[in-house]
Amino acid sequence: MVQYSEAVDQLISRAQARGSKQGQALIQQMQSVAGVTRALEGVILNRNLADTEAAHIKKVHQAGERLARALGATRDRGTEALNLSLGDLSQKLRVQTGLRPPEGVAEVVHQTEVRQALLAMKPEQRAAVVNDALKSKDVLTLNALTNGAAYLSGVEPERIKAVTDTYTKQVAPELVDKIDSVLEIDAELQAAIRAAERAAVDARDESAMRKIVAAEAAAGEADRAFGVALQG
């Protein structure tokens with residue numbers, strides 16, 4: 001049997017198991033992928049008895065073109081859904097963590113002074129101050145680090161990222177988990193689209209499709225022969 005949609009269905013099941021409310025729009029796009037892929041499978045499997053093999057192959061080719069166009073639109077809708085979900089969660093994350101761009105001149109000046117002070121320190125002292133900021137959840141110092149280029153504070157970019165990631169997970173673990181879940185579902189959507197794209201490519205490959213059609217015909221003949229033997 002031609003079962004391009006089977007891989008897509010497995011990805012949908014995996015995504016649904018995450019129980020992500022924020023990922024539902026992405027899952028809907030995965031279900032759309034499954035639907036249009038099954039439509040192509042239907043064209044492949046349900047050959048009109050009046051069609052020659054060439055006519056059937058042409059219909060499959062056209063269905064493959066429709067699938068390719070549909071997948072392009074689905075990818076665009078998926079990107080929009082991802083941006084909406086992440087935008088909402090990121091805003092909530094900024095509120096809960098306090099990590100945000102400076103507001104007003106006073107905050108800009110303060111963060112600049114913090115970075116200058118860090119830059120003037122010896123590496124050991126600078127590392128200790130950063131560690132203390134993480135331990136005490138000193139969001140003012142952490143904002144100074146994240147809102148300026150690494151060379152302005154003397155703290156390595158990797159260290160800034162590690163510190164802010166750790167802090168974020170400490171103060172907003174549920175939001176971090178929700179964001180991770182949305183990103184994982186998006187990865188599954190992209191995998192579903194790639195699986196369906198393989199079906200679209202095969203449908204437009206005359207040589208590959210002739211083999212598939214021949215295999216389906218042989219399988220159908222074998223089923224009929226088996227049924228006759230049972231009645232025999």
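All of the numbers you see were taken from the coordinates with simple rules; none came from a lab. Bear in mind that the values here come from a model prediction, so they are computed numbers and not experimental data. Using ideal geometry, Cβ is built from the backbone for each residue, glycine included, and neighbour counts are taken over all protein chains shown.
Under 23 Å from the Cα of Lys122, which lysines turn up, not counting those fewer than eight places away in the same chain?
Candidates past the 8-residue exclusion: Lys135, Lys137, Lys161.
Suppose only helical runs count, i.e. DSSP H with n ≥ 4. What mean residue ellipticity at 222 nm does that imply for the chain under -39500 (n - 2.57) per run, divided by all residues and rounded to the nearest 500 deg cm²/dmol? Intermediate values should be presented prior to the final figure.
Numbers: 10 runs with 194 residues, N = 232.
Mean residue ellipticity, 222 nm, calculated: -28500 deg cm²/dmol.
Take every Cα pair under 8 Å in the chain that's 6+ residues apart, average their separations, divide by the length, and report that relative contact order as a whole percent.
This gives 36 percent for the chain.
Please state the relative contact order of region 104-171 as a whole percent: Cα pairs under 8 Å, 6+ residues apart?
Here the relative contact order equals 36 percent.
Just to be sure I understand the rule: take each whole DSSP H helix in the chain, project its Cα atoms onto its long axis, keep it if the span is 27 Å or more and its mean Kyte-Doolittle hydropathy is at least -1.0. Which ones pass?
The answer, listed by residue number, is 24-45, 53-97, 173-203, 206-231.
Rounded if a/c is under 1.5, else prolate if a/b beats b/c, else oblate: with a ≥ b ≥ c from the C-alpha gyration tensor eigenvalues square-rooted, which is region 104-171?
Taking the square roots of the gyration eigenvalues as a ≥ b ≥ c, region 104-171 is oblate.
Let me know the Kirkwood hydrodynamic radius for the chain, please, with Cα pairs as the basis and the value in Å to one decimal.
Radius from the Kirkwood sum: 21.9 Å.
Could you order peptides 32-43, 131-142 by the average number of other Cβ atoms within 10 Å of their residues, highest first?
The packing order, highest mean first, is 32-43, 131-142.
Where is the GNM fluctuation largest for the chain (alpha-carbon springs, 10 angstrom cutoff): Ala68, Ala192, Ala127?
It is Ala127.
Subtract the Cα-Cα distance of Val95 and Lys169 from 0.36 nm times their separation in residues, and report this length gain in nm to one decimal.
Details: separation 74, 0.36 × 74 = 26.64 nm, distance 1.39 nm.
Result: 25.2 nm gained on full extension.
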